[in-house]
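The values are calculated or read from the model by the stated rules, or taken from the named source; none is laboratory data. Quick caveat: nothing in here was measured; it's all calculated off a predicted structure. Cβ placement follows ideal geometry from the backbone for every residue including glycine, while neighbour counts extend to all protein chains displayed. The accessibility values were calculated without ligands, DNA or RNA, using every heavy atom of the protein model including side chains. Shrake-Rupley method; radii C 1.70, N 1.55, O 1.52, S 1.80 Å.
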Amino acid sequence: MATMRTAHTVWEGNLLEGSGKVALDSSGIGQYPVSWPSRAEEPNGKTSPEELIAAAHSSCFSMALSHGLSQAGTPPTRLVTQAEVTFQPGEGITGILLIVEGEVPGLDQPAFLKAAEDAKANCPVSQALKGTEISLRAQLSS
């Protein structure tokens with residue numbers, strides 16, 4: 001069964017001096033201020049489309065990797081994933097780097113990297129962002 005999630009943004013003013021609020025409607029967990037300076041310069045307590053994409057990508061990738069590892073008989077104890085979305089004004093989103101560290105009993109580094117590469121290629125957010133270069137660094141915890 002398909003699901004739909006929604007958010008909306010109310011923007012006031014022009015691009016450089018205006019600002020807005022993005023609301024996460026489906027979950028109802030809040031409204032977050034957004035502005036051009038928070039996107040192209042420093043966040044200063046506001047979010048950006050790129051930060052929201054990073055949140056979506058890191059959580060989707062973690063779910064896909066957890067599922068893949070579990071299906072292979074090596075469920076993870078813990079995965080910590082960071083997504084770094086690079087935005088270049090005038091060009092747009094120029095790349096995404098996924099950095100994952102995992103605790104996976106009984107799994108070696110090459111198998112972990114293979115599972116992480118598969119999750120990177122196949123998680124739904126990666127699929128939606130195919131036009132963007134997505135890089136990966138994957139490391140098992142000691």
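The GluC sites (Glu not before Pro) of region 34-142 meeting both criteria, a DSSP state outside H, G, I, E and B (loop) and at most 15 other C-beta atoms within 10 angstrom of the site's C-beta, are Glu41, Glu91, Glu133.
Against the chain, whose longest principal axis comes from its Cα atoms, helix 49-71 is set at around 20 degrees. Once the Cα atoms are used to define both axes, helix 109-122 deviates from the longest principal axis of the chain by about 40 degrees. Mind checking the log10 I(q)/I(0) for the chain at q = 0.11, 0.13 Å⁻¹? Debye, one equal scatterer per Cα, no solvent, two decimals. Cα-only, vacuum Debye calculation for the chain: -0.49, -0.66. If you take the Cα centroid of region 69-142 and the Cα centroid of region 7-66, the two points sit 21 Å apart.
The slack between Ala55 and Gln109, meaning 0.36 nm per residue of separation minus the straight C-alpha distance, is 16.9 nm. Residues of region 38-61 falling in the label zone of Leu16, defined by backbone nitrogen less than 19 Å from a point 7 Å along Cα to beta-carbon, are 38-43.
Using a 1.4 Å probe on the protein heavy atoms, what percent of the accessible area of region 1-41 belongs to carbon and sulfur? Carbon with sulfur: 54 percent of the solvent-accessible area. DSSP beta bridges fully contained in the chain are about 75 percent antiparallel. Packing here is the average count of other Cβ atoms within 10 Å per residue, and on that basis the peptides 123-132, 22-31, 6-15, highest first, run 123-132, 22-31, 6-15.
Mind listing which trypsin sites (Lys or Arg not before Pro) in region 3-50 are in a DSSP loop and have 11 or fewer other Cβ atoms within 10 Å?
Values: sites: Arg5, Lys21, Arg39, Lys46; in loops: Arg5, Lys46.
Filter output for region 3-50: Arg5.
Projecting label points 7 angstrom from Cα along Cα→Cβ for His67 and Val80 puts them 2.5 nm apart. Compute the distance in nm between two label points, each set 7 Å from the Cα along the Cα-to-Cβ direction, one at Asp118 and one at Phe87. According to this spin-label approximation, the distance is 3.4 nm.
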